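Participant: Got a structure for you, written out below as structure tokens; questions coming shortly.
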Amino acid sequence: MSIDPGTVREPRVLVLSTSLHPQSRSRILAEHARISLAQRGTQVAWFDCREVEFPYMDGHTAHAHEATQALQRALGACDAVLICSGVYNFDVSAVAKACLELGGRSWNDKTVGIACATGSMVSYMSHMGLAASLMLDFRCVIVPRFVYATGDAFKDGKLADEAVQTRMAELCGSLSDLARRRM
């Protein structure tokens, strides 16, 4: 069976920036990823949690909130998601976890990559709870290439560390390639 090249499209990747901090390093990672993905020809969408005000998780009305519905639409329109989060108390941010809860079934069967800005490398396993929930609750495929960047990787509001830049490019490439294979 041959595939008509006219029907093949690049995956749609949502870059999800989950930090609310005004000088967020994880947002810098997200911006870097957005550029890297676009340079590959990937269709890139952007969702910045600083631009919405999510409701409290009440298990009742939160899913009808306009910010929740915007997140669900963004997730529903993509093939893959790159989650960029800060690490606090050896876990991803509360906002990243809220995106999982609020996104609900819109997460189903996505290809997901994860990049974190962290205080030190001792928290390198911090994303595993999020990854486990995505895999077990929503049957997501997690790209087994994670990026952790400490404060030393950033300078003047930019990702300055070449090794981290390389790892981000590798994560973006793996995310795009895996999403394309799963389409």
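Every number here is computed from the coordinates shown, using simple stated rules; none is lab data. Predicted, not measured: the structure shown is a model, and the values here were computed from it. Here the Cβ is made from the backbone with ideal geometry for all residues, glycine too, and neighbour counts use every protein chain on show.
Participant: Quick check: the distance between the Cα centres of the stretch 41-75 and the stretch 90-104, to the nearest angstrom?
Facilitator: Here the answer is 11 Å between Cα centres.
Participant: For Asn108, put the label point 7 Å out on the Cα→Cβ axis and report which residues of the stretch 168-183 keep their amide N under 17 Å from it.
Facilitator: Taking a point 7 Å out along Cα→Cβ of Asn108, the residues of the stretch 168-183 whose backbone N falls under 17 Å are 183.
Participant: Continuing with the same structure: May I ask you to derive the FRET efficiency for Met125 and Arg182 from their Cβ-Cβ distance with R0 = 41 Å, giving the value to the nearest 0.05?
Facilitator: Using R0 = 41 Å, I get an efficiency of 0.95.
Participant: Below 17 Å, Cα to Cα, which aspartates and glutamates can Lys155 reach? Residues fewer than 8 away in the same chain don't count.
Facilitator: Straight-line reach from Lys155, under 17 Å: Glu31.
Participant: Using only the alpha carbons of the chain, what is the convex hull's orientation-averaged projected area in square nanometres?
Facilitator: It is 11.1 nm².
Participant: Taking amide H positions as placed in the peptide plane 1.01 Å from N, state which residues far from Ser93 in sequence (5 or more) or on other chains have amide H under 5 Å from it.
Facilitator: Under 5 Å from the amide H of Ser93: Gly86, Tyr88.
Participant: Here is a follow-up. Percent antiparallel among DSSP beta bridges with both residues in the stretch 9-182, to the nearest 5?
Facilitator: The antiparallel fraction comes to roughly 15 percent.
Participant: Now for a different question. Dipole magnitude of the chain about its Cα centre, charges +1 at Lys/Arg Cβ and -1 at Asp/Glu Cβ only, in debye to the nearest 20?
Facilitator: Rounded to the nearest 20 debye, it is 360 debye.
Participant: Return a whole-number percent for the relative contact order of the stretch 9-182, with Cα pairs under 8 Å and 6 or more residues apart as the contact set.
Facilitator: 26
Participant: To continue, here is another question. Once every DSSP H run of n ≥ 4 in the chain is given -39500 (n - 2.57) and the sum is divided by its residues, what mean residue ellipticity at 222 nm do you get, rounded to the nearest 500 deg cm²/dmol?
Facilitator: Per the formula, -12000 deg cm²/dmol.
Participant: Under 19 Å from the Cα of Lys97, which lysines turn up, not counting those fewer than eight places away in the same chain?
Facilitator: Answer for Lys97, where 19 Å is the Cα cut-off: Lys110, listed by chain and number.
Participant: Could I ask something else about it? Running a GNM on the chain with Cα contacts under 10 Å, which residue among Thr61, Thr18, Thr118 ends up with the highest mean-square fluctuation?
Facilitator: Maximum fluctuation in the GNM of the chain, among the listed residues, is at Thr61.
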